[in-house]
Amino acid sequence: MAYIELKDVDYVYPLAKEPALKNVTASFERGKFYGVIGENAGGKTTLCNLLRGLIPHFYKGKLTGEVLIDGEDIRTLNMDVLSTQMGYIFQNPFTQISGVKSSVFEEIALGMENLGVPKEEMIEKVFAIAELLNIEHLLQNNPNALSGGQRQKVAFASVIAMDTDTFVIDEPTSQLDPDGTAGIFEIIHKLKEQGKTIVLVEHKIDLLAEYADEVLVLKKGELLAKGRTSEVLSDFSLTEQGAMIPHTVSFYKEFKARGHEFSEVPITKESCVRQLGGMLKEREGEGSV
Ligand SMILES: Nc1ncnc2c1ncn2[C@@H]1O[C@H](COP(=O)(O)OP(=O)(O)OP(=O)(O)O)[C@@H](O)[C@H]1O
Ligand SMILES: [Mg+2]
């Protein structure tokens with residue numbers, strides 16, 4: 001049995017005319033890393049809201065089809081129980097900051113406090129997570145006075161502190177510079193190595209290419225594609241539908257047009273460099289004959 005199963009899901013937000021998700025069927029397994037891409041208003045955040053149970057428990061609207069978590073209908077699942085299984089990092093970090101705590105330290109500890117984690121353990125964890133995210137220097141700051149990028153890191157820290165089995169993460173790096181972004185990806189990768197299930201909405205396709213097991217492409221509420229990262233990110237027909245492809249795949253296309261053959265479509269830099277190296281060696285070999 002799949003961990004999460006969506007069957008023919010349609011969802012219309014209250015007062016909206018068009019469905020935000022249309023006829024979506026997909027399943028998710030435990031311990032896998034899923035990347036979600038697609039153009040604006042494609043339904044990426046709506047999919048996150050659905051997986052986390054905010055649809056239908058918080059957003060009313062009209063949900064049809066089946067959403068099963070471990071075989072149980074999401075409509076019957078308790079939100080408090082779901083929140084202990086699934087951490088949700090919102091697209092807008094301003095929404096995530098609780099507004100009730102006066103320091104970043106307390107903000108990160110809030111979720112653990114609610115779970116009743118012993119104080120000593122909580123303090124240790126807050127320091128460890130702050131170090132992981134390079135935000136130790138912010139621990140005494142007021143969460144309401146942080147920049148967008150700082151908020152994004154604090155929001156991320158407060159959710160990973162809960163140590164849930166699953167993380168639904170909606171564009172966590174939109175406010176971050178390349179270093180900050182790489183740091184977040186490394187952490188997400190570590191979470192995956194710990195056996196966590198990850199659903200990540202992210203436009204930085206080159207990083208998804210490197211880390212995600214599967215990629216989903218949403219457009220206007222429809223699931224255009226779902227499959228192995230290497231297959232989806234090398235599917236040129238999807239670019240015509242507004243999906244992006246890794247830089248290495250565009251490079252491959254140009255190179256191929258000039259008559260150079262790769263043995264596989266390189267979706268990561270590593271694969272591209274390896275194959276180019278192979279081609280060069282072959283050339284040298286030919287030249288020396
Ligand atoms: N709370 C809401 N009430 C009504 N309509 C909504 C609400 N949230 C989203 N929508 C609509 O649902 C559709 C899908 O939106 P969603 O936010 O899921 O897209 P997205 O892929 O996350 O977009 P983005 O890349 O901009 O984050 C859009 O047409 C949007 O206007
Ligand atoms: Mg969104």
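The values are calculated or read from the model by the stated rules, or taken from the named source; none is laboratory data. Keep in mind that what you see is a predicted model, and the values were worked out from it rather than measured. In this analysis, Cβ positions are derived from the backbone assuming ideal geometry, glycine residues included, and neighbour counts consider all displayed protein chains. The accessibility values were calculated without ligands, DNA or RNA, using every heavy atom of the protein model including side chains. Shrake-Rupley method; radii C 1.70, N 1.55, O 1.52, S 1.80 Å.
Rounded to the nearest 20 debye, the dipole size of segment 69-217 about its Cα centre is 400 debye, using +1 on the Cβ of Lys and Arg and -1 on the Cβ of Asp and Glu. Of all DSSP bridge pairs formed entirely within the chain, close to 55 percent run antiparallel.
For D163, the accessible area of its heavy atoms, probed at 1.4 Å with every protein chain present, is near 80 square angstrom. Straight-line cross-link partners of K60 among the lysines, defined as a Cα under 17 Å from its Cα and at least 8 positions apart when in the same chain: K17, K22. Dipole of segment 246-289 computed with +1 at Lys/Arg Cβ and -1 at Asp/Glu Cβ about the Cα centre; of G278, V265, H247, farthest Cα towards the positive end is H247. Summarising the amide proton neighbourhood of L21: residues at separation of 5 or more, or on other chains, whose placed amide H is nearer than 5 Å comprise Y11.
From the Cα gyration tensor of segment 156-268, with a ≥ b ≥ c the square roots of its eigenvalues, which class applies: rounded if a/c is under 1.5, or else prolate if a/b is larger than b/c, or else oblate? Here segment 156-268 falls in the prolate category. Shown for the chain is the translational diffusion coefficient from the Stokes-Einstein equation, using the Kirkwood radius over Cα pairs, a temperature of 10 °C and a viscosity of 1.306 mPa s: 77 µm²/s.
Expressed in nm to one decimal, what extension gain is obtained for the pair S237 and D8 from 0.36 nm per residue of sequence separation less their Cα-Cα distance?
That works out to 80.1 nm of additional length.
Roughly speaking, to the nearest percent, how much of the chain's 1.4 Å accessible area is carbon and sulfur?
50 percent
Mean separation of Cα pairs under 8 Å and 6 or more residues apart, divided by the residue count, gives the chain a relative contact order of 23 percent. Based on the alpha-carbon gyration tensor of segment 107-196 and its eigenvalue square roots a ≥ b ≥ c, which shape applies: rounded if a/c is under 1.5, prolate if not and a/b is larger than b/c, or oblate? Because a/c hits 1.5 or more and a/b fails to exceed b/c, segment 107-196 counts as oblate. Take 5-12, 252-259, 31-38 and order them by the average number of nearby Cβ atoms within 10 Å per residue, most first; the result is 31-38, 5-12, 252-259. Estimated at the nearest 10 Å², the accessible area of K220 is 130 Å² with a 1.4 Å probe.
Let me test this: with uniform point scatterers at the alpha carbons of segment 246-289, what is the Debye-based log₁₀ I(q)/I(0) at q = 0.17 1/Å? Log10 of I(q)/I(0), two decimals: -0.46. Seen from all directions on average, segment 1-149 presents a Cα convex hull projection of 10.7 nm².
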